[in-house]
Each structure stands twice: as C-alpha cells, then as structure tokens.
Amino acid sequence: MAREDYYEEKANTYLKQLVKWLTEHMPTAYKITYRGETKKLAEWSFSAPARATVREMIDTAAGDCLSAWFNEKYPDYPAFSKVKTPITSESMKNNYIPEALKNIPEPKTKNGIAILDGLVLLDNVKLNVHQSGYARWVRDLLEQRGEGQVINASELIEIVQTHGSEEVKRTVQFQLEPELFMVVLAAMVFNGDIVITINGTTYDAMKYDELIKLPLDELVEFSHIKKPSELPLPALRELFNLFNIPQGLLNQNALTQGIGQLRIKSEDILKQVAALAHDIRDGIPVLNTTLLDRGDVADYRNQLNQLKDFLQNLQVYNTPAKLKHFKYTAEEVKDYQHTLQLVTRLEQLKKRAEEAAKVANYIELALNLLPANHPWQDKAERALSALIDALKQGDGAHQELQALQQLKAEYQDIYMAIHAKARLSATEDAKKQQLLDDPRHRALEQLSAIDILSKQQLHQWQQKVNELKPCWQLTRNDLEHSPLCPHCKLRPKDEQHVQYTSLEELENQLQDLLDSWTETLLTNFKDPEIKQNISLLKPEQQQLIGAFISHGEFSLPLNVQLIQAIQELLQGIEKIELTIDDLVDMMAGGNPLTVEDLRRRFENMMTERIGASTTKNIRIMLNLGKEGKHESFQS
C-alpha cells in the first residue's frame, strides 16, 4: 500500500510538471494545420482568455478555425454576441439555458439576456417574441393547422445522428439543440402564443412558473404544442364593465393597456375593501350605539371577503396570455356588481357617521356640562336620537345634522351667558383686587388678632371674594370645537349650587363687618371693670383708646399701637361661642317645654359651657352660621 502511494505521488508530480509545461509552451511549441494552412497554436487561438487552461486553448483554437465553416453550414444558427467566452455544451445546459428560462418574465441577468438576445426574443431588454424568426417558424406551422389541432414534437425536432444508444437531435429548421429550442417554446408559452404538453400535463401562461421548474431533460421530451384558447370575451366584457374600463381596450392591439387599467383599479378597490372590512367590524360606532347590528356586520364582512378574494385573484391576469385563461364566467363577474354597490353604500355610511360624530360628540359633551334638567338638554337628546335613526335607515340625515348645528349654536349662547355671570371681566377682576387691597380689609385682618372678635366672619368674606374667578378671554370661536372654555374650564353643572356674591355686595359686607366689630369693641369698653382697667394702661395707650371711644370709629390705616392696647385691655376676657344647633338641643329639638323646663335646660347648658369660672370676664357669642352674623352679649 505504501508503494502504491509512492508511485501515485510521483505520477501527480509529473502531471503537474507536464500541465505547467504545456500551459507555458504549448501555444508556441504546437502547430495546427487547417485547410492546408499551418500556424502555431497561439496564432489560431487569438481569442483565448489570459492564463487559459490547456482545454480552453484547444477549444478556442478549434472555435477560431471552425467558426467560418459553422457559419457556412448553419447560417441561421443564433449568434450569441453578448457572450464573451465560448459556450460549451455543458455550460449551455447547466447555466445559460436555466437562466434564460427564468429571465423570460423579466430579463435582468447577463447570461439570461445573452441567450434571449441571441434567439432574437428581446427588444430593448423586454420580451418580444414576434420579431424572432425561430418563434415565427413555430407560429407559421400552427397557422397551417386547423382549430384545436396540435404539432407533435417529432415535427419540430428530428434525430440527426446516432452514436450507439445516444441520439443527437436538432430542430428540423435552424438546427437548434432541443435544449436551446426550449427557450423559444417557453417564451411563446409565457407570451400566450402556445400551450405545451409534457408527460400528460398541459402548461399555459398561467402555469409558466411550474413549467420552468421541470428538469431540462424532461422539458425537451414534450409531446406536442398547440394554440391556446381565445379570449373569453363575454366574461371579460363584464369584467371591464365592472371597473368602468372602455370595452375598446379588449381589442388585441389595446389589450395590454386595458390590463394595466384593470390592475390599477382592482388594486385600488382591493385596498379599499380590505380597509372597509376592518372598519365595520365594530358596527360603525356613533355615540353609544352602532349603525350596524352584529348580523349585518357578519353578512357584510363575508361579502367583502369574497370580493377581496376575487380582486386578489385578478392580480394574476397581468398579461394578455394569462387573460385567455380567465376562470370566471360572465354571470359570476356580474354578481360582484352588487358587492361593489355594497362597498359604495358602506363607504357613504361610514363617511356620514364620521361627519355626524363630530357634531354629535360635541352635543353629547355639552349635555354633561349644563346643570341637570336644563331645557336645552331635552331638545339635544331628542335630536341625537333622530340622527341615529336617520343614519341607520340609510338616510342622508341632512335635516338632523342641521338641527344639531342649530342646537350647537344655541348651546354656545347659553354657555357664554353662564360664563359671563360666573366669571369676572378684566374690569371686575381689577375691582376685586382693589377690594382685597382696601384699607378696611387690612384693618379687619389686624383686628382679627383680638380674641373676642370672630375670625370666621372675616374668613367667610375672604372665601366669597376668592370664589369669584376671572376669565375674560373666552370668545365664541373658542367653543367651535369644544363645549368647554379652554381658559378656565368652567363646568356649569359643577357650579350650579355656588351662589356668587356681587362685588358691590361684598363691598357692603366689608363695611358692615368693620362696623360690627367696631360696635362690639365699643360695647365691651362700656363695661365698668374694663373702664377701670383703661386707667391702668400707659398714658399713650389711654389716649389712643380714648380717641377711639370718643370718635366711635377707627381711623384708617389702623395704628398698630391701638391694636396692642386693645389686646392688653381685653386680656382675661373669655369668649364662649354658641351655635344654632346648641340652642336647638337646649330647646329639646323643638318639642314643647314648660317655662321651668326651659329655664332648667338653659341653666344646665350655661353650667356645662362656663363651669365654675367667674362670669365677669366671659363673653357669649351666637354663631348664626355661614350667611349670618355673630351676636355677642355680656354674661
């Protein structure tokens, strides 16, 4: 075994040396004699590629020598001018022809274009079967046949030589190899000129993709070819009528243009149908209902899906050849007219629903903004109900939409009026600020530090002032797309129980409160004990209080020292506040009482609230509630 390896290694070494020598020296060391002319190999193989192999040099030399003879013997054989290197039988079968078959629908690869161009099947890199003499030969033979008759393979391809069991076949005319001739036949199948039968299966333009998937040795064993059936004109007329395509485009010279319009229109409707089937799945909702019930939705979507399948199938018929095999009957095509009308109705319904939703949604939002039981709400609810009924009945709902537009304008009037009452104008807002900056307000804030005066009364007044919100930017145009003020977000429903106090009334209340607190202090200063305590104050404090008592009112702005003197004078006085609820409880909730019972219950209440404290320094105040005043009296 080791000896065999040794000799094999030696043989490979000598073979490499031999091939190297032949590659380097063969073009000049060997000569070829052709037709009595002897030249070196290099002079015969001038078209050989750089660094050619021994086989390539021999093949090139043979090709250069025999090309003139070949052209004389086979003058109509294809000239593959776009191929830069010699085509061998092996490369033709394994590379060039498979590529050419794939390039027939759309020529794009170099090798495929080279073969198609050589067979004169291209016109500006587009398939054009009619200018090819090879295809014309087949077409002429078919024209000599009667309707439905076939041409057998044996009439197109013949055996020219036999080498043992191997047969050499060529076409009866042009002497084309069967494999190369299959490119011509395949192009004619794709173009709709012929149908071809292989192993009992007939292939037409619709089955072209299946045809070129067959092995090449199976393709060349076809049994026969024949003309395809003619255009199914009744069905195609209905089809073109379905898409409003002129019938004249069914003529042979205009059919390609007609197919182009068919493709564009069917694709557009296909997109529309797919979107519509999706859009109606929820029944076309408007407000809190739908315009289609579940049964309608299921039925309509089923019809739309059938139409969608039909439109998708139409995309296959993109050539005149394929249109010859249109599978639908005229009646089947005509039935889709009803579905297209359904598409139009549903599109119109969807469009009307979208238009109606804009104003309907506005009205529905407005319903939730106005106070309950407002007269406008009843009219709006009836108008919305009428709109839904009209849309469901397939009506244009023009009157109903017009009624809603009028209600929208009416609502805007109502809202603007409510807004004007509930919000301050720019002038009123300035007056509000003046009221808060008023010296009387400042005086009350200072006086609220005195224990016997009710801070709650001042806080209630301030709350009323702060409840008055300013908003003077609102215009009617602001309410065009939203029923709510975009600046202050006023919701009349939420503020219906708010009793806004006018600025004039608030100013009066401010003066009343200052007068009331002034009277309370003056009354307390009349108390004998407090009078006596005045003399105990510092001289300057006595002077300030004396001036207040003699004038019977405060001088504004308040003197801080006066406030301090009053606080010091009233120090030790205790305030006890009673509410209306306290008095109601003391009166047994309104039940009848004897005089003695009333007296006893009153004394018990006083004892509970005052206890054992001395009554001289106690001041009892009655809180009348948010809208009332505090009344005070000395115990």
Task: Under Karplus coefficients 6.51, -1.76 and 1.60, residue-wise ³J(HN,Hα) of the range 285-290 in Hz, glycine/proline x - done: x, 9, 6, 9, 9, 10
Task: For K469, residues with placed amide H under 5 Å, excluding near neighbours - done: L424
TODO: Determine the alpha carbon to alpha carbon distance for each of K350/K408; K432/K455; K108/K327 and list only those over 29 Å.
DONE: K108/K327
TODO: Output ³J(HN,Hα) for the range 145-153: one whole-Hz value per residue in order, computed from phi by the Karplus curve 6.51 cos²θ - 1.76 cosθ + 1.60 with θ = phi - 60°, and x for Gly and Pro.
DONE: 8, x, 4, x, 7, 10, 10, 6, 4
Task: Helical contribution to [θ] at 222 nm, DSSP H n ≥ 4, -39,500 (n - 2.57), averaged over the chain, rounded to 500 - done: -18000 deg cm²/dmol
Open item on the list: Relative contact order of the range 88-237, please, whole-number percent, based on alpha carbon pairs below 8 angstrom and at least 6 residues apart.
Closed with: 21 percent
- [ ] Report, by chain and number, residues whose modeled amide H sits under 5 Å from the one on V286, excluding near sequence neighbours (fewer than 5 apart, same chain).
- [x] L291
TODO: Give a residue-ordered list of calculated ³J(HN,Hα) values for the range 386-392 (Karplus: 6.51 cos²θ - 1.76 cosθ + 1.60, θ = phi - 60°; whole Hz; x for Gly, Pro).
DONE: 5, 5, 4, 4, 5, 5, 5
Task: Difference of contour (0.36 nm per residue) and Cα-Cα distance, Q261 to D413 - done: 49.3 nm
Task: Within the range 410-476: Cβ-based charge dipole about Cα centre, in debye rounded to nearest 20 (Lys, Arg +1; Asp, Glu -1) - done: 20 debye
TODO: Name the long-range amide H neighbours of T579: under 5 Å, sequence gap of 5 or more, or other chain; modelled H, no Pro or chain starts.
DONE: N623
Open item on the list: If each residue of separation counts as 0.36 nm, what is the full-extension length gain between T339 and E158 once their alpha-carbon separation is subtracted?
Closed with: 59.6 nm
- [ ] Evaluate E = 1/(1 + (r/R0)^6) for A274 and N124, where r is the Cβ-Cβ distance and R0 equals 30 Å; express this FRET efficiency to the nearest 0.05.
- [x] 0.25
- [ ] Return the label of the correct value of Kirkwood radius over Cα pairs in Å, as calculated from the structure shown, out of (1) 30.3; (2) 29.1; (3) 37.8.
- [x] (3)
Open item on the list: From the protein chains alone at 1.4 Å, what is the descending order of accessible area for T171, T290, largest first?
Closed with: T290, T171
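With +1 on the Cβ of every Lys and Arg and -1 on the Cβ of every Asp and Glu, and nothing else charged, how large is the dipole of the range 129-199 about its Cα centre, in debye rounded to the nearest 20?
That gives the range 129-199 a dipole magnitude of about 140 debye.
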Task: Label-point gap, in nm, between A449 and R294 - each point 7 angstrom along Cα→Cβ - done: 7.5 nm
Task: Computed label-point distance, nm, for sites T38 and K110 using a 7 Å Cα→Cβ extension - done: 4.0 nm
Task: Percentage relative contact order, the chain, counting C-alpha pairs under 8 Å, at least six apart - done: 7 percent
- [ ] Calculate how many DSSP beta bridges within the chain are antiparallel, expressed in % of all such bridges and rounded to the nearest 5.
- [x] 75 percent
Task: Positive-pole candidate from L307, L556, A357, dipole of the chain, charges at beta carbon - done: L307
Task: For the chain, with +1 on Lys and Arg beta carbons and -1 on Asp and Glu, the positive-most of A153, L453, N591 along the dipole - done: A153
Task: At most 11 other Cβ within 10 Å, DSSP loop - trypsin sites (Lys or Arg not before Pro), the range 454-561 - done: K489, K526
- [ ] Please work out the Cα center distance from the range 540-585 to the range 328-373, rounded to the nearest Å.
- [x] 75 Å
Open item on the list: Report the gain in length on full extension from D395 to R382: 0.36 nm times residue separation, minus Cα-Cα distance, nm rounded to one decimal.
Closed with: 3.0 nm
Task: Check: the range 522-614 dipole with +1 on Lys, Arg Cβ and -1 on Asp, Glu Cβ, in debye - done: 280 debye
Task: Two-site FRET efficiency, N305 against E355, from Cβ-Cβ distance with R₀ of 25 Å, rounded to 0.05 - done: 0.35
- [ ] Determine how large the accessible area of E553 is when every protein chain is in place; take a 1.4 Å probe and give Å² rounded to the nearest 10.
- [x] 120 Å²
Open item on the list: Starting from the Kirkwood Rh over alpha-carbon pairs, what translational D in µm² s⁻¹ does the range 115-270 have by Stokes-Einstein at 20 °C and 1.002 mPa s?
Closed with: 122 µm²/s
TODO: Straight distance only, please: which aspartates and glutamates reach the Cα of K110 with their own Cα at less than 16 Å, same-chain residues fewer than 8 apart left out?
DONE: E99, D123
Task: Virtual spin-label span in nm between N95 and E495, 7 Å along Cα→Cβ - done: 8.7 nm
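The values are calculated or read from the model by the stated rules, or taken from the named source; none is laboratory data. Being a predicted model, the structure only gives us computed values, none of them experimental. A quick note on method: Cβ atoms are made from the backbone with ideal geometry, for glycine too, and the neighbour counts reach across all protein chains shown. All accessible areas refer to the heavy atoms of the entire protein, side chains included, with ligands and DNA or RNA removed. Shrake-Rupley method; radii C 1.70, N 1.55, O 1.52, S 1.80 Å.
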